[in-house]
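Working notes, beginning with the structure itself.
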Amino acid sequence: MGKKKSVVLIVLFTLALAALLFLCFAPAFPVQDGIGSYRSMIKWVKQGSDLDGGYYSVYYPEGVISKEEYETLVVEYAYAQEEAEETGEPSDLEDPAANYKAYKGLYLSTDIYSEETGVSQSFQDEFAKAFRAVRARYEDMGYSDYSVRLQDDYAIRVEIPKPEDDAGTGVNATAQSIFETFASSGGLIFSDSDSTVASKNVLMEGTSRYIERASVGNNPSGSGYAVVLHFTKEGRQRFAEITAELASSASDGSTATLYVYVGDDQLMGAGVEGELNQDTVSISGQYTTRESAAADAAVINSVLDEDDVFDLKFEAPEYYSMTPTSGDYTALAAAIAFGVLVLGMLVFSLVKYKGMGLAHLYGFLTFILALILCLALIPGIEVTTGGILAITLVSAIMVSCNYFAFGNIKKEFATGKTLTASVKAGYKKSMAFTIDVHIILFLASLAMYLIATGTVKFLALIFTLGIVASAACTLAVTRFCLYVFMAQPKNKIAFVGFKREETEDE
């Protein structure tokens, strides 16, 4: 390779790396005349609740209240009694002690629980069905780490990582929407009546007879996301009929609206301008985050089977923030520790391998930047403590494979070959081992990703992406950079840190 060509390639590659480093790590700064601000790609990487905290909520079914709410009712009743004695007018409040009985850390209505007969079997059965449905909804969200568990037998405690804040106000509207949406009970209904109408005109009930599943897609008409309904053959025909009826019933100049409910809770609404006769329909316009669309899709999927539909009502859930389960500064400490290890490794590479270490520096930076871009841009990926371990491990594999190749190059040079021949022979001897290691680890991590759930699933996904990036940067980028850099120095042997008894200019 000529020196001029190598200079051009070095400059272009360096500028590209510098630009990507800026995009990934630059601190926030105002843009658009102060209207917005730039956020680096590293800030786009979503963290699990063990690193970034999250939110939790407790679902109380109708007839079940917390100890705190019971004590509030007792206080309110006592004040009402005092006021009644002072005014001589009877109180409208009933004695909570007559309506609720203590059960573990909860208070259950006397309609469903008595100390003699225990909790009614009908309530137990309905609550068990509701718990399975709520758990399925959160499972369908694909969180890296979450928890859905019973609290005192008849309340459901849910913990989730922080969703993206679509409001930008510090109040996470997406989290609030998810908790509220997943408390919905009843079946799926398509209607032309809005939420203010008590008696809905049911146009179609959403069951597996009509709908195969719901998924998340991009908004076909602009930014944002959409809920995609996948119809059966019969469902497609029925949906075409009701949309045709809606469009024809609209007055001139107006657009009819189709509303989608789960029980009494409205999920979404969409304008209908004509017959929609197609296998899939995207409903958009209200989803600014992927998770808000995924939540509605998860609820729809959970009620397609009529056996999974429950009628038990839940109180409107309140949500609360959680601190990171692994500590407030775990993510920062891990980032600092990883940075120190990387810096030490790069210094060691440059000192020990000279020019080959410089090629390794370019290859490793490319590897890290590619991994960050994958974590930031692929929807749904969350980095947890396990993910950090996966990144560290795959980084060590990439470094080890480069060092293995450099060692083989040095051995080939020691046999008396020219430097160029040594590089070719060294990489040739290293290639089979490097490819085998990456293929084996790729298949193992891919298998784990396909069968695992939760934290392990995301660990395997991050490891899989890292292995692909490692293979590309080890076999192609580092080797390419070494050839480009070797075209510049006069004394190429000294450039890579090799020595011979007889100096020769290669």
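A compact table of results
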| quantity | calculated |
| --- | --- |
| Under Karplus coefficients 6.51, -1.76 and 1.60, residue-wise ³J(HN,Hα) of segment 354-369 in Hz, glycine/proline x | 6, x, 5, x, 5, 4, 5, 4, 5, x, 5, 4, 4, 4, 5, 5 |
| Karplus-derived HN-Hα couplings along segment 332-338 (A = 6.51, B = -1.76, C = 1.60, θ = phi - 60°), whole Hz, x at Gly and Pro | 5, 5, 5, 5, 5, 4, 5 |
| Calculated volume of the Cα convex hull per residue in Å³ (choose from (i) 132; (ii) 234; (iii) 182), label | (ii) |
| With DNA, RNA and ligands ignored, accessible area of residue 132 (1.4 Å probe; Å², nearest 10) | 120 Å² |
| Residue-normalised accessible area of the chain, given per residue in Å² at a 1.4 Å probe | 51 Å² |
| Order by protection proxy (mean Cβ within 10 Å, highest first), peptides 453-461, 268-276, 106-114, 356-364 | 356-364, 453-461, 106-114, 268-276 |
| The chain, relative contact order [Cα under 8 Å, separation at least 6], % | 19 percent |
| Bridge type composition, the chain - antiparallel percent by DSSP, nearest 5 | 95 percent |
| Degrees, to the nearest 10: 385-414 long Cα axis against longest axis of the chain | 10 degrees |
| Surface accessible to a 1.4 Å probe, residue 79 within the full protein complex, Å² | 150 Å² |
| Helix axis angle, 290-302 relative to the chain longest principal axis, alpha carbon, degrees | 50 degrees |
| Heavy-atom accessible surface of the chain: percent carbon and sulfur, 1.4 Å | 56 percent |
| Helix 3-25 vs. the chain, principal-axis angle (Cα, 0 to 90°, nearest 10) | 20 degrees |
| Segment 253-272 and segment 383-430: distance between their alpha carbon centers, rounded to Å | 59 Å |
| Ranked order, 230, 438 - accessible area, probe 1.4 Å, largest first | 230, 438 |
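The values are calculated or read from the model by the stated rules, or taken from the named source; none is laboratory data. All of these numbers come straight from a predicted model, not from anything done at the bench. So basically every Cβ, Gly included, is an ideal-geometry build from the backbone, and we count neighbours across all protein chains shown. Keep in mind that these areas ignore ligands, DNA and RNA; they rest on the heavy atoms of the full protein, side chains included. Shrake-Rupley method; radii C 1.70, N 1.55, O 1.52, S 1.80 Å.
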